[in-house]
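In what follows, a structure is listed as structure tokens, so that the remarks can point back to it.
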Amino acid sequence: MSAEVKDVIMIGAGPSALAAAVYTTREDLDTVLYEKGVIGGMAAITDKVDNYPGFPDGIEGMTLAGQLEKQAERFGAVIDFGEVSEIRDEGKEKVVVVDGVEKRAKAVLIATGSDYNKLGIPGEAEFYGRGVHYCATCDGAFYRDRRLVVVGGGNSAVQEAIFLTRFTTHIDLLVRSTVKASEVLRHELQKYVDEGKITVHLGTTTDEIVTTDNKVTSVVGTQDGEKITFETDGIFIFVGLNPNTEFLIGSAIELDEQRLVKTDAKLETSMPGVFASGDVRSGATMQIASAVGEGASAALSIREYLDELKRI
């Protein structure tokens, strides 16, 4: 093998990969992480993380990401910026193409995460984490006794809207066409509609998020060709997830129908020696705490794989 072959290449530098790197480097495995965006992933651009264990008062997303980064680097992980376009299996070595340059490793961890689908409307990007949210379990508690707008008509939107009723005084659910959630969820939703906790607005687009004094105050939509304004303290958008797996489409690594990476019980993909963890993995719960746990589990599986590789 070439001296340039790393023990482990990790694609992504979010919480899952950073946690995995802590474990691999503590095992003296030469580990490098390649990140094309922000170190810490979506956690780093979350205003406040209120449900991560060990922080009773919550913690700023950027702070949590920074601490994970420092911990991984303390044990010897190397974090570099670069975009991966391909993974190839060459037996005992895996080839990872980073910014057009081939890098080699004995094992690879895919931890590129997922990104929330966006509406692309005015005010959305500017107030992300400050009135505009994509995770009810992460941020719902900030809106106790306040009014909210929820956007979406699928299973996630209905589930999250129902979850948010435990905090809010009222929810306006904006649905572009019709509610497409399962029959069970539609039946449950109707209970909250009957109780006056949720009002469903069918055939309603979401056009603009309005702010006053640096706070979200209303959402403007269109219904039956007419503009309509919904007063609100925040907006939760659930129009699907977009996994960061474009570079895997057409590869030997199997994806599910949502383009999430399929893995076995050891978090190994259909390509031997290539593992996946966190939000990019099929079956993931899309929570920072579980992503960190999966990173640790993947690291242990990688160590087992490398031990077996030595015996071949």
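Here are the numbers:
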quantity	calculated
Tally, over the range 77-115, of residues that are over 18 Å from Ile45 (Cβ atoms) and in a strand (DSSP E or B)	25
Members of the range 95-106 found to be among the hydrophobic types (A, V, I, L, M, F, W, C) and over 23 Å from the mean Cα position of the chain (by Cα), listed by number	Val95, Val97, Val101, Ala105
Residue in the range 67-88 that is modelled with pLDDT under 95 and out of contact with any Lys or Arg (no Cβ under 8 Å at 6 or more places or on another chain) present	no
Residue pairs meeting the criteria (Cβ under 8 Å; at least 6 apart or on separate chains; first on the phi > 0 side of the Ramachandran plot, in the range 218-229; second not polar (S, T, N, Q))	Asp224/Gly203
Top-ranked residue in the range 248-278 [being among the polar types (S, T, N, Q) and within 20 Å of Asp115 (Cα to Cα); ranked as nearest to the chain's Cα centre (by Cα)]	Ser277
Hits in the range 240-261 - residues which are crowded, with 17+ Cβ neighbours inside 10 Å and of a type outside the set (Lys, Arg)	Leu241, Pro243, Asn244, Thr245, Phe247, Leu248, Ser251, Ile253, Leu255, Leu260, Val261
Neighbours by Cβ (under 6 Å, 6+ apart or cross-chain): first from the range 96-124, crowded, with 16+ Cβ neighbours inside 10 Å; second part of a loop (DSSP other than H, G, I, E, B) and of a type in the set (A, V, I, L, M, F, W, C)	Arg104/Val5
Search result, residues across the range 117-133 that are outside any loop (DSSP other than H, G, I, E, B) and at pLDDT 95 or above	Val132
Residue selected from the range 1-28 under the condition polar (S, T, N, Q) and at pLDDT 95 or above, by the criterion surrounded by the fewest Cβ atoms within 10 Å (Cβ to Cβ)	Thr25
Restricting the range 40-66 to residues that are on the phi < 0 side of the Ramachandran plot and crowded, with 21+ Cβ neighbours inside 10 Å, the residue that is modelled with the lowest pLDDT	Thr46
Residue count for the range 256-312, restricted to those that are part of a helix (DSSP H, G or I) and without any contact (Cβ under 8 Å) to a residue 24 or more places away in the chain	5
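The rows are residues; the columns are (1) assigned to a strand (DSSP E or B); (2) touching a Pro at 6+ places or on another chain (Cβ under 9 Å); (3) within 24 Å of Gln159 (Cα to Cα).
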position	(1), (2), (3)
Arg186	no, no, yes
Gly196	no, no, yes
Val200	yes, no, yes
Glu208	yes, yes, yes
Val216	yes, no, yes
Ile228	yes, no, no
Val239	no, no, yes
Ile253	no, no, no
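The values are calculated or read from the model by the stated rules, or taken from the named source; none is laboratory data. Just so it is clear, the structure is predicted and the values come from calculations on it, not from any experiment. Don't worry about glycine lacking a Cβ; one is built from the backbone with ideal geometry, like all the others, and counts go over all protein chains shown.
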